[in-house]
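J.: Here it is: the structure, laid out below.
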Amino acid sequence: MPNQPFKASLKFRFGKDEDILRAIQSGDETAIDYLYQTYYQPIKLYVLQNSGNADDARDVFQDGVVAFWVNVREGNFQLTSEATLATYFTRICKNRWLDKIRSADFKRKASLDAVTEPMATDDVLSRMISTEEVSQLAVLFGKLGDKCQQILRSFYYEKQSLEKIADTLGMQTDSLKNEKYRCMMRLKELYHPRKS
């Protein structure tokens, strides 16, 4: 098992929740590897036991990692005796799965006897990333301007409506739609830079 020494070194390095949070705050991407090694299997099991499949589990986990990374970097998570890293991170992932299974798209998909193609969703970010690319996406997200970060975070991770985001930013909804599109195009361009 070639990964055993790597796993052991991560466990030793991140012995406490505070160590992981400090690593994330400093941009140390090995903290993401630790999250995968520690929490992926329990989240996958939860999704599989609650009407999901392996792809659903991967998508929910990836969304959870990015949301957790952003929350820690922005200081929106503080350790307490009730809010440990494990409980907070697990709650993020479980809530994302519950949101998905309550969605109309998921209900429509589940009602089909045979799935011929995956249902289209509005979650562009989860389609862009794979397990190995979550840390890269978090870094690229940080390269966007503050306004783009706020728009994308509010829409994709806080699940706010376009109307609410537009109101918060003092914009017209149509202008916000255009701005959200430009932000996504910028993120995609950072993710897949054009070769010169």
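J.: Under the condition of being hydrophobic (A, V, I, L, M, F, W, C) and at pLDDT 90 or above, which residue from region 30-46 is farthest from D17 (Cα to Cα)? Before you say what the answer is, go through the steps one by one.
T.: Here is the first cut: in region 30-46, the ones hydrophobic (A, V, I, L, M, F, W, C) are 31-32, 35, 43, 45.
From what's left, at pLDDT 90 or above: 43, 45.
Values: I43: 18, L45: 23 Å.
This residue is L45.
J.: Additional query: Residue check, R96 against (1) in contact (Cβ under 8 Å) with a residue 40 or more places away in the chain; (2) basic (K, R); (3) in contact with a Gly (Cβ under 7 Å, 6 or more places away or on another chain), all met but one. Which one?
T.: If we test R96 against (1) in contact (Cβ under 8 Å) with a residue 40 or more places away in the chain; (2) basic (K, R); (3) in contact with a Gly (Cβ under 7 Å, 6 or more places away or on another chain), just (1) comes out false.
J.: For region 132-183, give me each residue that is surrounded by 14 or more Cβ atoms within 10 Å (Cβ to Cβ) and at pLDDT below 80.
T.: V134, S135, Q136, L137, A138, L140, F141, Y156, Y157
J.: With A54, A86, A67 as the choices, which residue is in contact with a helix residue (DSSP H, G or I) (Cβ under 9 Å, 6 or more places away or on another chain), under 17 Å from Q25 (Cβ atoms) and modelled with pLDDT of 85 or more? First the steps, then the outcome.
T.: Details: A54 fails: under 17 Å from Q25 (Cβ atoms); A86 fails: under 17 Å from Q25 (Cβ atoms).
Result of the check over A54, A86, A67: A67.
J.: Of all residues in region 38-59, count the ones that are under 21 Å from R153 (Cα atoms) and either touching a strand residue (DSSP E or B) at 6+ places or on another chain (Cβ under 8 Å) or in contact (Cβ under 8 Å) with a residue 60 or more places away in the chain (or both).
T.: Qualifying residue count for the region: 2.
J.: Tell me the residue from I32, I101 that is assigned to a helix (DSSP H, G or I), of a type in the set (A, V, I, L, M, F, W, C) and surrounded by fewer than 20 Cβ atoms within 10 Å (Cβ to Cβ), please. Show your work before the answer.
T.: Details: I32 fails: surrounded by fewer than 20 Cβ atoms within 10 Å (Cβ to Cβ).
After ruling out the rest, the residue left standing is I101.
J.: Another question, if that's okay. Mind listing just one residue for me: the one in region 5-22 that is in contact with a Phe, Trp or Tyr (Cβ under 7 Å, 6 or more places away or on another chain) and at pLDDT 50 or above and, of those, surrounded by the fewest Cβ atoms within 10 Å (Cβ to Cβ)? Before the answer, list the steps.
T.: If we filter region 5-22 for residues that are in contact with a Phe, Trp or Tyr (Cβ under 7 Å, 6 or more places away or on another chain), which is where we start, we get 10, 14, 20.
Next, from what is left, pick out any that are at pLDDT 50 or above: 14, 20.
Working: F14: 23, I20: 25.
Looking at residues that are in contact with a Phe, Trp or Tyr (Cβ under 7 Å, 6 or more places away or on another chain) and at pLDDT 50 or above, I get F14.
J.: Working carefully through the options G27, G52, find the one that is within 17 Å of the chain's Cα centre (by Cα) and open to solvent by less than 40 Å² (accessible area, probe 1.4 Å).
T.: Numbers: G52 fails: within 17 Å of the chain's Cα centre (by Cα).
Exactly one of G27, G52 is within 17 Å of the chain's Cα centre (by Cα) and open to solvent by less than 40 Å² (accessible area, probe 1.4 Å), namely G27.
J.: For residues that are part of a loop (DSSP other than H, G, I, E, B) and not acidic (D, E), tally how many sit in region 45-88.
T.: Filtering region 45-88 down to residues part of a loop (DSSP other than H, G, I, E, B) leaves 50-53, 74-84.
If we keep only those that are not acidic (D, E) as well, we get 50-53, 75-81, 83-84.
Residues in region 45-88 being part of a loop (DSSP other than H, G, I, E, B) and not acidic (D, E): 13 in total.
J.: Out of the residues in region 55-83 meeting the condition of being open to solvent by 30 Å² or more (accessible area, probe 1.4 Å) and among the acidic types (D, E), tell me which one is nearest to D17 (Cα to Cα).
T.: Our first condition is that a residue be open to solvent by 30 Å² or more (accessible area, probe 1.4 Å); within region 55-83, this holds for 55, 58-59, 71, 73-76, 78-82.
From the residues that got through so far, the ones that are among the acidic types (D, E) too are 55, 59, 74, 82.
On the way: D55: 28, D59: 24, E74: 17, E82: 13 Å.
For region 55-83, the residue satisfying everything is E82.
The values are calculated or read from the model by the stated rules, or taken from the named source; none is laboratory data. Every value quoted in this text rests on a predicted model; they were computed, and no experiment measured them. Ideal geometry is used to build each Cβ from the backbone, glycine not excepted, and the neighbour counts take in all protein chains shown. The accessibility values were calculated without ligands, DNA or RNA, using every heavy atom of the protein model including side chains. Shrake-Rupley method; radii C 1.70, N 1.55, O 1.52, S 1.80 Å.
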